Amino acid sequence: MTLPRPVLTGYSHSIYTRIIRLILLEKGISFDYVEHDPFAQDALGPHPFGRVPFLCHGDFAIYETAAISAYLDAAFDGTPMMPDSPQAAARAIQVVCVADAYAYWPLVRQIYEHAVFRPTYCEPSDPTEVQDGLRRTPKVLAALDEIAREGLVLSQGFGRAECHLAPMIAALVQAPEGADLLARYPDLYEWWQRTALRPSMRETETSLPSGDVQS
């Protein structure tokens, strides 16, 4: 029996929703999308913890980005999203872990959110959050730059590690301070320059409104 198309429930401004959309596009998987704002008042969604993304495929439902990524890679044909060698596969998992544990908060929740997202929507922002993010980010970028220089991942291929990291870097560089910071790490910067041009990155980009937005 042929299963129906997977249904992704996500939020257009969610970094983790974008990760799954990248996986789906890079694997060539047709899917349906349901927009759900988890921050809306009294928001109810399928995720038991009120978050996104959430994926349904037939009667199988799964949440948590790394788990969804692993499922999509294993359940569907197309280019494998994990490297063949044990070393490269381990390094890919390491990048995912570094992105989640050390990159997401300073790059996205501090620099991007307070320097870009909140000001765009005329929401209160905290310059000290931006400065703290800028203070914490170099250590993260240095570690990722070393991995990119090694060449096992963050090099020529575009798999689960790259899909996981790319939306976070995309958020960082929207802040001029973040873009200047990334440029100091040549191997990671070169990877990002290529990555930003990928069709899947263009297709999953969510543009912020220009000009003042009244809340």
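The values are calculated or read from the model by the stated rules, or taken from the named source; none is laboratory data. What you see is a predicted model; the values in this text were computed from it and never measured. Neighbour counts are summed over all protein chains in view; Cβ atoms, including those assigned to glycine, are modelled from backbone coordinates with ideal geometry.
Here are the numbers for this structure:
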item: Pair list, Cβ < 9 Å and 6+ apart or interchain, from segment 61-84 residues that are within 17 Å of Leu154 (Cα to Cα) to residues that are in a helix (DSSP H, G or I) and of a type in the set (S, T, N, Q); result: Met81/Ser69
item: Residue in segment 152-176 that is farthest from Gly28 (Cα to Cα), counting only those that are touching a residue at least 24 places away in the same chain (Cβ under 8 Å) and polar (S, T, N, Q); result: Gln174
item: So Ile29, is it touching a Pro at 6+ places or on another chain (Cβ under 6 Å) and touching a residue at least 40 places away in the same chain (Cβ under 8 Å); result: no
item: Number of the condition not met by Thr17 [criteria: (1) touching a Leu at 6+ places or on another chain (Cβ under 9 Å); (2) touching a residue at least 40 places away in the same chain (Cβ under 8 Å)]; result: (2)
item: Identity of the residue in segment 176-188, touching a helix residue (DSSP H, G or I) at 6+ places or on another chain (Cβ under 7 Å) and outside any helix (DSSP H, G or I), that ends up nearest to Val130 (Cα to Cα); result: Ala183
item: Those residues of segment 126-151 which are touching a residue at least 12 places away in the same chain (Cβ under 8 Å), surrounded by 15 or more Cβ atoms within 10 Å (Cβ to Cβ) and more than 20 Å from the chain's Cα centre (by Cα), in sequence order; result: Glu129, Asp132, Arg149
item: Checklist (1) modelled with pLDDT of 95 or more; (2) not in a helix (DSSP H, G or I) applied to Tyr104, failing item; result: (2)
item: Residue ID - nearest to Asp84 (Cα to Cα), chosen from residues in segment 116-160 that are part of a helix (DSSP H, G or I) and of a type in the set (Asp, Glu); result: Glu150
item: Every residue from segment 84-101 that is modelled with pLDDT of 95 or more and assigned to a loop (DSSP other than H, G, I, E, B); result: Ser85
item: Search result, residues across segment 177-195 that are touching a residue at least 40 places away in the same chain (Cβ under 8 Å) and within 18 Å of Arg136 (Cβ to Cβ); result: Glu177, Gly178, Leu181, Leu182, Arg184, Tyr185, Leu188
item: Total residues in segment 111-128, condition farther than 14 Å from Ala171 by Cβ and either among the β-branched types (Val, Ile, Thr) or in contact with a Pro (Cβ under 9 Å, 6 or more places away or on another chain) (or both); result: 3
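This table checks each residue for (1) at positive phi; (2) surrounded by 15 or more Cβ atoms within 10 Å (Cβ to Cβ); (3) among the charged types (D, E, K, R); (4) part of a helix (DSSP H, G or I).
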{"site": "His164", "(1), (2), (3), (4)": "no, yes, no, yes"}
{"site": "Pro167", "(1), (2), (3), (4)": "no, yes, no, yes"}
{"site": "Ala170", "(1), (2), (3), (4)": "no, yes, no, yes"}
{"site": "Gln174", "(1), (2), (3), (4)": "no, yes, no, no"}
{"site": "Glu190", "(1), (2), (3), (4)": "no, yes, yes, yes"}
{"site": "Gln193", "(1), (2), (3), (4)": "no, no, no, yes"}
{"site": "Met201", "(1), (2), (3), (4)": "no, yes, no, yes"}
{"site": "Thr206", "(1), (2), (3), (4)": "no, no, no, no"}
